[in-house]
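Please read the structure below before turning to the comments.
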Amino acid sequence: MKINAYAKINLTLDIHGTRTDGFHELRSVMVPVSLCDVITVLPSEDFSFDCSVKELCGTDNLCVRAAKLFFATAGIKPSVSIYLEKNIPFPAGLGGGSADAAAVLEALNGFFGEPLGRRTLFSLAEKLGSDVPFCLLSRPALCEGRGEMLTPIDGVPELCVVIAIGGSRLPTPQVFREYDSASLAVRNDTDAFLDAVKNNELCGIISSSGNAFEPITDMLAPETKLLRNEMLALGAKSSHLSGSGPAVYGVFENAEKASIAAKELENKGFFAVSCKTLI
Ligand code: C5P
């Protein structure tokens, strides 16, 4: 059995303070994109996990944690081999590890005849990470709380995007810490974005996209700002950070313009890929 694990981008990301559990209260519109990893599950005597990227082969991989959680909850002997073909850059703010974990839950549940219901799968996803429930849902959604409270959104148009990465890794906890110490005014891009979707206003959808981390990542990783500006210079209608970075995305008028921009960015030495949002 093969299953795709789709990356995500955050079209909006607002932060409404810290919670008593140390996490942050988020309001973010996330959408899956066509860039994906591929997970293969095959029957086996025992459990094994392998990956196309050697540094991700360890037992701390979220795929292994997802599989262990699935088998323990379903009361099934771990008896599959899992292979992860990694195409989504990491760590990047594209939810690659979360997508892999969600895909493993989905694949194993399918493989063993659906022993777990949707509600149980979502509760396992929540234990694995803040973005894993969204990846299990795998459609545009308003993500609140830690990121696990999901409201699916109808009417988000298909967007042609370029995803690009310029340089240094940005550990998520560090970006949150720096955000807290900067005491920035709270952004509220999400409500404006949801209104624009409701009114079917493409311009409003594009202009209300944003990411509260940008002032922080512009300082911690100036190449992310440079890359956003490069995207705009190449004709993007908007360009923002995804998650806590360092990946950025640009929204282009059509697939051809996106593909030309991705090639230009590649020629300049960036990782760049053109893809579409999944709706
Ligand atoms: O849940 P996940 O493992 O993806 O979170 C990674 C880190 O991001 C957490 O350890 C925390 O520092 C930060 N985080 C947060 N608030 C959220 C989501 C993540 O502070 N809502």
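Laboratory data are not the source of any read-out in this text; all were calculated from the coordinates shown. Keep in mind it's a predicted model, so treat the numbers as computed, not measured. In this analysis, Cβ positions are derived from the backbone assuming ideal geometry, glycine residues included, and neighbour counts consider all displayed protein chains.
Summary table
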| read-out | value |
| --- | --- |
| Three-way shape label, segment 77-151, alpha-carbon gyration tensor, a/c 1.5 | oblate |
| Listed residues 99, 196, 247, most fluctuating in the chain (Gaussian network, C-alpha, under 10 Å) | 196 |
| In the chain, lysine pairs closer than 18 Å at Cα, eight or more apart or cross-chain | 14 |
| Within a Gaussian network of the chain (alpha carbon springs, distance under 10 Å), most fluctuating of 36, 160, 57 | 57 |
| Nearest-20 debye value, the chain charge dipole, Cβ charges on Lys, Arg, Asp, Glu | 200 |
| Selection from 200, 71, 217 lying farthest towards where the dipole of the chain points positive, charges on Cβ | 71 |
| Only Lys, Arg (+1) and Asp, Glu (-1) charged, at Cβ; segment 157-279 dipole about Cα centre in debye | 200 |
| Listed residues 43, 240, 130: farthest to the positive end of the dipole of the chain (Cβ charges) | 43 |
| Packing-based order for 205-213, 253-261, using average beta carbon neighbours within 10 Å, highest first | 205-213, 253-261 |
| Rough spin-label spacing in nm, given labels placed 7 Å along Cα→Cβ, for residue 68 and residue 184 | 3.5 |
| Listed residues 52, 105, 91: farthest to the positive end of the dipole of segment 25-114 (Cβ charges) | 91 |
| Span from the segment 75-153 Cα centroid across to the segment 34-50 one, whole angstrom | 14 |
| Between helix 255-267 and the chain: long-axis angle, C-alpha atoms, 0 to 90°, nearest 10 | 90 |
| Gain on full stretching of the segment that runs from residue 83 to residue 226 - 0.36 nm per residue minus C-alpha separation | 47.9 nm |
| Acute angle (nearest 10 degrees) that the helix 189-198 long axis makes with the longest principal axis of the chain, alpha-carbon atoms | 80 |
| Longest to shortest principal axis, alpha-carbon extents of segment 14-102, angstrom | 48, 30, 22 |
| For segment 1-120, share of DSSP beta bridges that run antiparallel, in % to the nearest 5 | 85 |
| Computed lengthening from residue 18 to residue 114, 0.36 nm per intervening residue step minus Cα-Cα distance | 30.9 nm |
| Cleavage-rule hits, trypsin sites (Lys or Arg not before Pro), segment 4-104, DSSP coil, Cβ neighbours within 10 Å at most 16 | 19 |
| Stokes-Einstein D for segment 98-194, Kirkwood Rh over Cα pairs, 4 °C, 1.567 mPa s (µm²/s) | 81 |
| Nearest-0.05 FRET efficiency for residue 45 and residue 191, computed from C-beta distance (R0 45 Å) | 0.25 |
| The chain, relative contact order in percent, only Cα pairs under 8 angstrom and at least six apart counted | 24 |
| Burial ordering of 21, 189, fewest other beta-carbon atoms within 10 Å first | 21, 189 |
| Average Cα contact separation per residue, segment 224-279, under 8 Å, 6 or more apart, as relative contact order % | 26 |
| Alpha carbon convex hull of the chain, volume per residue in cubic angstrom | 124 |
| DSSP-assigned coil residues among trypsin sites (Lys or Arg not before Pro) in segment 110-182, each with at most 15 further Cβ atoms within 10 Å | 169 |
| Among 113, 147, 129, residue whose mean-square fluctuation peaks in a GNM of the chain (springs only between Cα atoms under 10 Å) | 113 |
| Computed FRET value (nearest 0.05) for residue 55 with residue 168, which takes r as the C-beta separation and R₀ as 22 Å | 0.85 |
